[in-house]
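One structure is given below, encoded as C-alpha cells.
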Amino acid sequence: MRRKLVAGNWKMHGTLQKNAVLLSRIAAEAPRLNCEVAVCPPYPYLGQAQLALAGSGVALGAQSVSEHASGAFTGEISAAMLLEFGCHYALVGHSERRALFGETDYVVAAKFEAAQMAGLVPVLCVGETLQEREAGSTISVITRQLSAVLERVGVQALAKAVVAYEPVWAIGTGVTASPAQAQDVHEAIRAQVAALDIGVASELRILYGGSVKPENAKQLFGQRDIDGGLIGGAALMADDFLTICLAAN
Ligand code: PGA
C-alpha cells in the first residue's frame, strides 16, 4: 500500500514571522491527517522549521541539494548539511531549477545520487513544457528525464525515492492538468519503472504538482496512480494546505 504524501514547496517565500504562524498551524493539525505531510522551506528557515515541527510527524525537505559532498562550491548546500537540520527529503530537478538555473538531466541525476547516498530521500521532479505537450512529446520528455536518473543509479534506487510529475505549464499558472491528463502520465512513469522492476514500480509514490488547490485536490488524488501532491502557492496558506492534506486522507 502506498501512503499518500503531500509536500509543500515554499519556493523563495516566507519570513521568520509568517513561517512561525504557518508551521504552528501545520504542526497542530498534523495528528488529524492520515497522509504523510512534508514542508520544504528555503534553506535559512530549515532550523526554524525543524524546531517548530519537532514531534509533529511532519517531515522536512529541502528544495534542492548540491551534487557535491563538500568543498569549494560557494553558495551550495550539501546533503549532509541538510541532514543536520532534520531534512528527510530533497527536491531534485524542479522545473524552475532546470529552466532558470541550467540544471541538466545529468546534473539532476548527480544530485539525486548525492542526496540518496547521504541518506536523504530524493523527490525527483519531471515534467514537460507547454510547447513539448503541444508537439506530442510529453511521454518522451518524461521518459528521458527519468531515464537519466535510472541509468545513473539503477531502478532499485527508486525504492527509496519519490517522483513528482509537474507539467511546467501548470506550475504557478492556475491551470491544472485534468485528473485524466495527470493519470496518463503517472501511469506511463509507473510503466517505465515496471519494465525494470515491478515491485519497485508498485511501491513507488508518484506525486502530482502544478496548481493543486483545495478545489481540485480530491479528484487528482483519487486517480489510481496519483499518490499525493507537491504543492507550491497553496502551501503558503495554512487553510489551503491543510484542506489539500485532508483531501489525501
Ligand atoms: P504551484 O507549484 O502549486 O504553485 O503550481 C508547484 C510546484 O512548483 O512545485
Q.
Can you say whether Gly119 is out of contact with any helix residue (DSSP H, G or I) (no Cβ under 8 Å at 6 or more places or on another chain), open to solvent by 10 Å² or more (accessible area, probe 1.4 Å) and at positive phi, as far as the supplied structure shows?
A. no
Q.
Can you pull out every residue in the range 1-43 that is in a loop (DSSP other than H, G, I, E, B), more than 16 Å from the ligand (Cβ to nearest atom) and over 23 Å from Tyr165 (Cβ atoms)?
A. Thr15
Q: From (1) away from the ligand (no atom under 12 Å from the Cβ); (2) open to solvent by 30 Å² or more (accessible area, probe 1.4 Å), pick out the condition that doesn't hold for Leu146.
A: (2)
(Q) I need a count of the residues in the range 122-143 that are away from the ligand (no atom under 16 Å from the Cβ) and either touching a residue at least 60 places away in the same chain (Cβ under 8 Å) or more than 29 Å from Gly174 (Cα to Cα) (or both). (A) 0
Q | Filter pass, Ser56 being free of Cβ contacts under 8 Å to residues at least 40 places away in the same chain, open to solvent by 20 Å² or more (accessible area, probe 1.4 Å), touching a helix residue (DSSP H, G or I) at 6+ places or on another chain (Cβ under 6 Å) and of a type in the set (Ser, Thr, Tyr) | A | yes
Q: Please specify each residue of the range 111-129 satisfying the condition of being touching a Ser or Thr at 6+ places or on another chain (Cβ under 9 Å) and farther than 17 Å from Leu5 by Cβ.
A: Lys111, Ala114, Ala118, Gly127, Glu128, Thr129
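The values are calculated or read from the model by the stated rules, or taken from the named source; none is laboratory data. What you see is a predicted model; the values in this text were computed from it and never measured. Glycine gets a Cβ as well: all are built from the backbone with ideal geometry, and neighbour counts include every protein chain shown. Ligands, DNA and RNA are excluded from the accessible area calculation, which covers all protein heavy atoms including side chains. Shrake-Rupley method; radii C 1.70, N 1.55, O 1.52, S 1.80 Å.
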